[in-house]
Each structure stands twice: as structure tokens, then as C-alpha cells.
Amino acid sequence: MIAEVIIDVSASELDRVFDYEGGSAREGDRVSVEFGRKKTEGFVIGLKEKSEYPNLKPILEVLEGGIKPPLLSLMHHMVKRYNLRYVDVLRLFIPSELRSGKVNELTETSVSLNTALTYEEAVSSVRRGATARLAVLDYLKDGAVEKKSVLNLKFGAQAVNALAAQGLLIEKTDKVSRVPYKAAAGELAKELTTAQKFVADEITAALRKDGGKFLLHGVTGSGKTEVYMSVISQAVSLGKTAIFLVPEISLTPQVMGLMRAKFGDNVAILHSGLSQGERLDEWLRLHRGEAKIAVGARSAVFAPLENLGAIVVDEEHDSSYISESNPRYDTKEVAELRAKNDGAALVLGSATPDIDAYLDASRGGCRLLELKQRITGEALPEMEIIDMVSEVRNGNRGIFSLRMREEMEAVKSRGEQAMIFINRRGYASFVMCRECGYVAKCSDCDVSLTYHKEDDRLKCHYCGKRFENLHRCPVCGNARLREGRVGTETVAEEIKKLFPDARVLRMDNDTTAGKDAHYKILSRFGAGEADFLVGTQMIAKGHDFGNVTLVGILDADFSLYLSDYRSAERVFQLVTQVAGRAGRADKKGCVLLQTFAPKHYVFRYAKDYDYGGFFKKECNSREVSKFPPFSKIVRVLVSSLDEAEATETVKNIYKEIKAYSEGRSGFIYLQAMKSPVKRIQQRFRFQVLMRLENESAEEICARVFEITDKYASSKTPCFVEINPQSLV
Ligand code: ADP
Ligand code: ZN
């Protein structure tokens with residue numbers, strides 16, 4: 001057979017299929033081949049009878065770590081569906097640690113006495129005064145086996161090596177896996193309640209047959225996690241495998257502890273926070289079938305598992321499930337495809353489902369399952385809407401309303417805890433000259449800089465670049481500068497001013513840069529080491545802290561007026577999720593929400609936790625205005641260091657799409673323009689924006705892909721995004 005091989009080198013010219021003499025290679029195999037003059041690695045993505053080329057080179061060797069057949073078909077599909085290159089998609093399926101060959105498998109040497117000798121014989125061949133050596137022999141006396149590293153530590157490597165050299169010890173070297181979060185402890189699973197059992201049984205029934213898609217809508221604290229666990233454990237006991245996806249941010253020690261406690265080494269964790277070695281080992285354990293359950297953020301949907309029984313997508317509404325950088329894909333779509341191909345059950349779970357997903361369920365596209373009560377039987381925490389307009393009118397210009405301050409005081413004096421949410425990090429979201437109106441901006445991006453007091457720097461939240469703080473306006477020299485809206489740093493500082501003895505933790509992008517940093521913050525808060533946790537949406541995700549009785553939401557309407565059709569949905573989700581952190585155990589919780597738009601329908605529905613009402617209202621308005629899910633938004637994003645070239649390219653693409661659109665139905669809107677953020681990391685950004693009728697979207701997209709590819713180059717890359725999560 002002839003093998004079609006993708007060469008694993010990320011240069012755009014090379015995204016082609018090359019023919020080789022296949023030998024015994026099978027589809028999906030990772031192989032070593034000669035390419036040009038060099039030996040390199042590739043993947044067999046297809047087999048065929050004949051090649052149009054003569055004198056093919058042979059495949060040199062089949063290596064470990066190929067792509068399993070069901071995954072190979074998924075890969076082909078993604079290339080087509082999202083217009084991606086094989087070399088880019090490959091990154092998702094095979095960890096770079098394996099492909100680079102740079103990370104070695106870990107080995108461990110264990111040592112025991114040479115059984116050809118008795119202990120006494122061994123001792124007699126060692127010099128009397130050699131106490132370290134004698135101690136080693138004594139340690140291993142009764143047939144003990146110990147890690148060499150441990151012996152080295154206890155008795156010194158010199159003694160151990162000398163004994164080995166004398167032939168008194170036997171060394172044995174084995175491969176070992178680095179298993180992360182071994183120490184993570186979690187509670188064992190609970191007996192399911194009737195409601196949980198009903199839901200789990202429905203899913204398990206499908207799992208026994210040929211799968212199916214479910215939307216699990218369960219209020220915060222309704223015990224969705226236990227349902228997922230039960231489904232996964234059913235899958236495993238049926239001899240199948242499972243994937244459990246969570247948003248990156250909620251991959252907390254709690255979740256991992258739970259999984260480890262319940263499934264032990266049968267779980268492999270795929271997570272960007274792991275060391276390279278850990279990542280490789282976890283992947284290999286799945287690949288070899290040693291672990292049957294993959295837990296991880298979105299990329300775990302590509303876990304190398306066969307015979308899949310279930311895929312669970314927790315917090316399915318979370319925008320992190322959409323990959324917005326190359327390779328771009330929608331995790332839920334991929335999960336659905338994979339589940340369908342493998343006959344697995346797909347479970348999407350959320351307290352605030354995505355409007356698309358809920359609409360799909362209401363139209364019968366998937367089965368809707370509900371958990372309407374909290375496990376504790378307690379009501380959801382009462383939410384109070386605080387009108388900040390009247391607060392300001394009454395002379396309070398502070399960050400906190402009077403009511404918020406009272407409640408914070410009360411919580412603190414009761415020894416309970418509060419979470420304070422603000423959707424912005426830093427100290428001031430912009431710095432502006434009071435005289436001439438100059439605003440400090442990033443030199444590489446068209447966005448204003450945020451002041452961070454902790455390191456007295458201005459930072460760009462788009463590219464991360466840092467700048468000296470300003471003490472005078474660089475334009476007019478005036479020293480009177482105004483600072484814009486508050487962020488997490490300001491809030492934390494303000495709390496310390498109000499309650500000098502308060503212990504405050506802050507969680508945002510700035511405090512969570514280090515490895516495991518955000519687990520550490522959460523664990524400390526969970527252990528009661530702070531009274532207040534101030535944070536961005538990072539604190540909104542599924543944590544379960546029994547002692548939290550107040551959730552404060554500051555400036556809730558911040559993102560309501562963005563020009564994104566989803567902004568109302570986002571605010572509703574965020575408020576509901578954050579509110580859900582209060583009163584999860586037996587203590588009653590309360591939620592205070594500060595807004596300048598107290599009458600907005602989002603808050604009206606959020607206050608009553610009325611997802612159904614919100615869904616209806618939102619759906620109506622999107623149907624009328626023809627926004628997704630009643631249409632598809634497609635954007636071609638063009639970026640370049642060279643502004644003229646970017647303009648030229650976007651014009652060309654627009655012209656061709658425009659010509660194509662003429663005389664055909666399916667286009668609701670088509671326009672070329674600058675992107676809302678005109679420059680990021682020195683690159684100028686332009687876009688062609690379209691809204692398409694759902695029915696024609698696929699056909700039109702295929703044409704848009706072709707047109708885009710024609711004009712894309714490495715200097716001016718062009719990407720097509722379908723229903724992008726953010727339109728910056
Ligand atoms: P959700 O993900 O729906 O917000 P969780 O799964 O975090 O809710 O569950 C909320 C709390 O209820 C957790 O502390 C969990 O341990 C507990 N819990 C879940 N199921 C049960 C059960 N069947 N019996 C007792 N406690 C449970
Ligand atoms: Zn920047």
C-alpha cells in the first residue's frame with residue numbers, strides 16, 4: 001500500500017500530503033521517514049493503492065503514539081469544518097512533548113540485595129569501618145526493595161554505588177509515570193438523591209445503547225458533579241472510557257481531588273498547568289489504555305481514548321470552550337461529533353445553559369434534564385439589587401453601597417466569609433489627562449492602559465506589555481491626571497481601609513500567573529485563611545465554600561452595553577454563577593448586586609433565578625433581529641504589520657465575497673471594516689463581517705474559506721471565524 005503522510009513541521013509550504021511506500025504502516029501511525037535529506041517524523045493519514053509518483057521512499061519505522069482510528073476521522077473532519085491545516089490540528093491530537101522527543105520518559109531504579117549471596121556473605125565482603133555501606137546492607141536485609149534515590153538520600157550515593165560495583169546489590173530500572181495531583185484528597189461519592197438518580201439513570205440508559213445528547217440544566221449547588229461522576233463510573237464499569245471537560249479555571253484541587261478519590265489512577269489529567277513530563281505521561285497512560293478517564297480543559301476532548309462511553313461538558317456555557325486562536329474550533333461541536341461517531345452519551349451541564357443549547361433542547365435536538373433544587377433543599381440565596389444611581393445621589397461616591405458595607409461588616413463579625421466580584425483587574429482601567437484629555441495607550445495595541453498599583457506600572461491587557469507610570473501628561477505636561485474605573489486591586493485596598501484587620505485575598509490574572517497559583521488562593525480561602533476573596537470571573541466558577549454567606553457583585557452592568565449581541569446573556573450567566581457561590585451549605589447566604597441600571601431585564605430575571613423567563617425574552621429579541629442562534633455570524637479577520645497590505649487584502653476578500661453574494665439568498669449582512677480593536681501587538685486588524693441564514697451558512701462558508709485562503713499569506717494571515725465569542 002501507499003501511505004499518505006503529513007510531515008510534522010510547522011511551515012506553511014509543508015501542509016501537504018506526501019506519498020511513501022507504506023510497508024506495514026496503518027492509518028494513524030506515527031512514522032519516521034526521510035524527507036529531503038533529513039530523517040523526520042510524520043503521520044499516516046491515509047492509505048491508497050496507487051501513487052502518481054514513481055520511486056517512492058519507504059517508511060523507515062513505525063513509532064509509538066499514533067492517532068487512533070476514531071480520532072483520525074475526527075481530525076479529517078476538523079480540517080474540513082474549520083478550514084484548518086493538518087499540521088496545526090496535529091498539535092491538538094498529539095502532545096508536542098511527544099512529537100518533539102525532548103521530554104524523556106521517566107525511569108526509576110530500585111535496589112535490592114543480590115540474592116546469590118546471603119546477607120552474612122555480603123557483610124563479610126565489606127570493610128569493617130564502612131558504616132554507610134553496612135547500613136545499606138542492613139536496610140535491605142530481609143529482601144527489601146527500595147528506590148535508589150531514597151537510599152542515596154539516606155546513606156549517600158557513594159556507598160550505594162560502591163556496593164553495586166562490588167556486585168552486592170541488584171539494580172532494576174523501570175519506566176514510571178509522573179502522576180499529578182496524587183496527593184489531592186477528596187471526599188468519596190455520596191449516595192445520589194432521587195432527583196440525581198433519575199437524571200443519571202436516563203443518561204446511563206443511553207450510554208448502554210448507542211449514546212445520545214443531553215442538556216443537564218441544574219441550579220447552582222444542585223449536585224451536577226455527582227451526576228457526572230456516576231455517569232462516568234457507569235461507563236467505566238461497562239468497560240468503556242469517558243472524557244470530563246471543565247473550563248480551565250475550574251480545574252481546581254476540589255475537582256481533581258474528587259476524581260482521584262473516586263477513580264484513582266484510572267483518571268488522567270490533561271491540563272496546561274502540568275509540567276511537560278507530567279503531561280506526556282498522562283497522555284501516554286490514556287494512549288496505552290492504562291487510564292480510562294480523561295479530565296481536562298477543552299483540549300481534553302482530543303484525549304486518545306477508544307470505546308468512548310460518555311463525554312461530559314461541565315459549565316457548557318463557558319466561552320473558553322471556543323478556541324479563538326489557531327487552530328480555531330468549538331469544543332462542544334467537536335464533542336458532539338466525537339460522541340456521535342463513537343456512539344457515546346454527550347452530557348452538557350450548566351446552571352445557565354447557552355441560549356443555543358437550550359433552544360436546541362426545546363426543539364428536540366437533545367434531551368433536557370433538570371435539577372431544580374439545591375442538594376441542601378435550601379432556597380437559592382436571596383438577591384438584592386442595589387441602585388447605585390440613588391446611592392450617588394445621596395452622596396456616596398465610594399465603591400461600596402451603604403448596604404454592602406453593612407453586610408460585609410456583619411459577615412466579618414460572624415466569622416463568615418464573603419466573595420466580592422468585579423469584572424476588572426488592576427487599579428484603574430485608564431489614566432487620562434484632566435487638561436487635554438490625553439489617554440495613556442499601549443504602543444502596540446489600540447487600547448488604553450490599566451494602572452496596577454502593586455507594581456506601579458501601566459499594563460496593556462491585550463498584549464501584556466508594561467509601561468512606566470505617568471506623573472505628568474506627556475502631551476501638555478499637566479500633572480492633574482484622572483484615573484478611570486476601579487478594578488480588583490482598588491477593591492481589595494478599599495476593604496482593607498474599611499476593615500483594617502480584615503484578611504483579603506485577591507484572585508485575577510495578575511495574582512494567578514504562577515504554577516497552580518489559583519488553586520493555592522482558593523485552597524487558602526477554603527481553609528478560612530481570609531475573610532474576603534476579591535476577584536474577577538475566576539471566582540464565579542463552581543467552587544463550593546460552605547462558609548461563604550455573602551456574595552457582592554460590583555458594577556454588574558459593566559459589560560451590558562458592549563456591542564456584542566450576547567452581552568445580556570453573559571451578564572445573566574455571570575450574575576447567576578457568582579450568586580450561586582453564596583449559602584451553599586447549611587448557612588443562609590445573601591447576594592448584593594450593585595448596578596446603575598436596576599430596571600434592566602437581565603437583573604429582573606437574574607434576581608428570581610428565572611432562566612426560563614430570560615431565555616424566552618432573549619430568544620424573542622434575537623429572532624426578531626436575526627442574531628444567532630437564528631443566524632450565523634461569520635468574520636474574516638485579516639491582520640498585518642503592514643497597514644496598507646492589510647487594507648488591500650481585506651478589500652480583495654470583501655470584493656469577492658460581495659460578488660459571490662450578488663443574486664443569491666442567504667446573506668443578511670455583509671460589510672468590510674476596521675476591527676473594533678484596530679491594532680494588537682503591532683498588527684493592524686481589519687475584518688469582513690457577515691450574518692448568514694442558518695440554512696445556507698455551510699455552503700457560503702465553504703466559498704468564504706476558498707476566497708480567504710486565496711489571499712492569506714504568512715505576512716498577512718486571514719482567518720475565518722464562525723460565531724466568534726468575542727469580536728475585538
Ligand atoms: P453543582 O455543580 O450543581 O453546582 P455540586 O455538584 O457542586 O453542585 O454539589 C453541591 C454540593 O452538594 C457539594 O458540596 C456536593 O458535595 C454536595 N452533594 C452533591 N450530591 C450530594 C448527595 N447526593 N448527597 C449529599 N451531598 C451531595
Ligand atoms: Zn498592547
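Data table
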item	result
1 or more residues aromatic (Phe, Trp, Tyr) and either free of Cβ contacts under 8 Å to residues at least 40 places away in the same chain or closer than 19 Å to TYR462 by Cα (or both): qualifying strands (runs of 3 or more DSSP E) within region 632-693	667-680, 683-692
ALA379 vs. criteria among the small types (Gly, Ala, Ser), assigned to a loop (DSSP other than H, G, I, E, B) and within 27 Å of GLY218 (Cβ to Cβ)	yes
Any chance GLY309 is away from ligand 2 (no atom under 16 Å from the Cβ) and modelled with pLDDT of 95 or more	yes
Filtered residues of region 449-468 (kept if touching a residue at least 24 places away in the same chain (Cβ under 8 Å), more than 26 Å from the chain's Cα centre (by Cα) and over 12 Å from GLU483 (Cα atoms))	GLU454, PHE467
So GLU382, is it in contact (Cβ under 8 Å) with a residue 40 or more places away in the chain and within 16 Å of ligand 1 (Cβ to nearest atom)	no
First in region 79-93 and in contact (Cβ under 8 Å) with a residue 60 or more places away in the chain, second anywhere and surrounded by fewer than 19 Cβ atoms within 10 Å (Cβ to Cβ) and in a helix (DSSP H, G or I), Cβ under 7 Å, 6 or more apart	ASN83/PHE705; TYR86/VAL79; VAL87/LEU14; VAL89/VAL79
Set THR549, THR490: member being over 27 Å from the mean Cα position of the chain (by Cα), more than 28 Å from ALA440 (Cβ to Cβ) and either away from ligand 2 (no atom under 16 Å from the Cβ) or of a type in the set (Asp, Glu) (or both)	THR549
Test for LEU505: is it surrounded by 17 or more Cβ atoms within 10 Å (Cβ to Cβ) and not assigned by TED's automatic domain parsing to the domain that holds GLY398	no
Selected residue (criterion: nearest to SER319 (Cα to Cα)) from residues of region 577-588 that are buried (at least 22 other Cβ atoms within 10 Å of the Cβ) and more than 11 Å from ligand 1 (Cβ to nearest atom)	VAL578
Test: residue in region 346-365 that is touching a residue at least 60 places away in the same chain (Cβ under 8 Å), over 30 Å from ARG91 (Cα atoms), of a type outside the set (D, E, K, R) and within 16 Å of ligand 2 (Cβ to nearest atom)	no
From ARG685, ARG691, residue being closer than 19 Å to ASP564 by Cβ, within 16 Å of ligand 2 (Cβ to nearest atom) and not assigned by TED's automatic domain parsing to the domain that holds SER323	ARG685
Subset of region 433-448 that is modelled with pLDDT of 85 or more, more than 10 Å from ligand 2 (Cβ to nearest atom) and of a type outside the set (Ser, Thr, Tyr) - its residue that is nearest to the chain's Cα centre (by Cα)	ALA440
Extreme residue, farthest from ligand 1 (Cβ to nearest atom), among residues of region 469-496 that are among the hydrophobic types (A, V, I, L, M, F, W, C) and touching a residue at least 40 places away in the same chain (Cβ under 8 Å)	CYS476
Matching residues, region 320-330, being within 17 Å of LEU215 (Cβ to Cβ) and surrounded by fewer than 23 Cβ atoms within 10 Å (Cβ to Cβ)	ASP330
Failed item in (1) buried (at least 16 other Cβ atoms within 10 Å of the Cβ); (2) assigned to a helix (DSSP H, G or I); (3) hydroxyl-bearing (Ser, Thr, Tyr), with SER523 passing the rest	(1)
All positions within region 238-265 that are closer than 17 Å to THR331 by Cβ and at pLDDT 80 or above	ALA242, ILE243, PHE244, LEU245, VAL246, PRO247, GLU248
Condition met for GLY437 (under 24 Å from ILE553 (Cα atoms) and either in a loop (DSSP other than H, G, I, E, B) or within 16 Å of ligand 1 (Cβ to nearest atom) (or both))	no
Breaking point among (1) surrounded by 19 or more Cβ atoms within 10 Å (Cβ to Cβ); (2) more than 27 Å from the chain's Cα centre (by Cα), for GLN687	(2)
Residue list for region 350-367, restricted to those being over 17 Å from LYS617 (Cβ atoms) and either in contact with a Pro (Cβ under 6 Å, 6 or more places away or on another chain) or assigned to a loop (DSSP other than H, G, I, E, B) (or both)	ALA351, ARG363, GLY364, GLY365, CYS366
Some residue of region 532-542 being of a type in the set (Lys, Arg), within 16 Å of ligand 1 (Cβ to nearest atom), surrounded by 20 or more Cβ atoms within 10 Å (Cβ to Cβ) and under 30 Å from VAL246 (Cα atoms)	yes
Options ASN55, ASN83: the member that is within 37 Å of the chain's Cα centre (by Cα), modelled with pLDDT of 85 or more and assigned to a loop (DSSP other than H, G, I, E, B)	ASN83
Checklist (1) in contact with a Ser or Thr (Cβ under 7 Å, 6 or more places away or on another chain); (2) away from ligand 1 (no atom under 16 Å from the Cβ); (3) not polar (S, T, N, Q) applied to LEU238, failing item	(1)
Leading residue by the ranking (farthest from GLY487 (Cα to Cα)) among those in region 507-522 that are out of contact with any Pro (no Cβ under 6 Å at 6 or more places or on another chain) and among the hydroxyl-bearing types (Ser, Thr, Tyr)	THR512
Residue identified as assigned by TED's automatic domain parsing to the domain that holds ARG703 and crowded, with 20+ Cβ neighbours inside 10 Å among SER665, SER661, SER640	SER640
Close pairs (7 angstrom Cβ cut-off, 6 or more residues apart or separate chains): in the same structural domain as VAL199 (by TED's automatic domain parsing) in region 220-232, more than 6 Å from ligand 1 (Cβ to nearest atom) and aromatic (Phe, Trp, Tyr) anywhere	TYR228/PHE244; ILE232/PHE244
Options ALA268, ALA235, ALA294; residue that is crowded, with 23+ Cβ neighbours inside 10 Å, modelled with pLDDT of 95 or more and either polar (S, T, N, Q) or part of a strand (DSSP E or B) (or both)	ALA294
Residues of region 208-232 classified as within 16 Å of ligand 1 (Cβ to nearest atom) and part of a helix (DSSP H, G or I), total	9
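A quick yes/no check of all residues on (1) among the charged types (D, E, K, R); (2) crowded, with 22+ Cβ neighbours inside 10 Å; (3) in contact with a Cys (Cβ under 9 Å, 6 or more places away or on another chain):
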| position | (1), (2), (3) |
| --- | --- |
| VAL334 | no, yes, no |
| LEU337 | no, no, no |
| LEU346 | no, yes, yes |
| ARG367 | yes, no, no |
| GLU370 | yes, no, no |
| GLU382 | yes, no, yes |
| VAL389 | no, no, no |
| ARG393 | yes, no, no |
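The values are calculated or read from the model by the stated rules, or taken from the named source; none is laboratory data. Because the structure is predicted, anything quoted here is derived from the model rather than measured. When we count neighbours, we look across all protein chains shown, and the Cβ atoms used for this are built from the backbone with ideal geometry, even at glycine.
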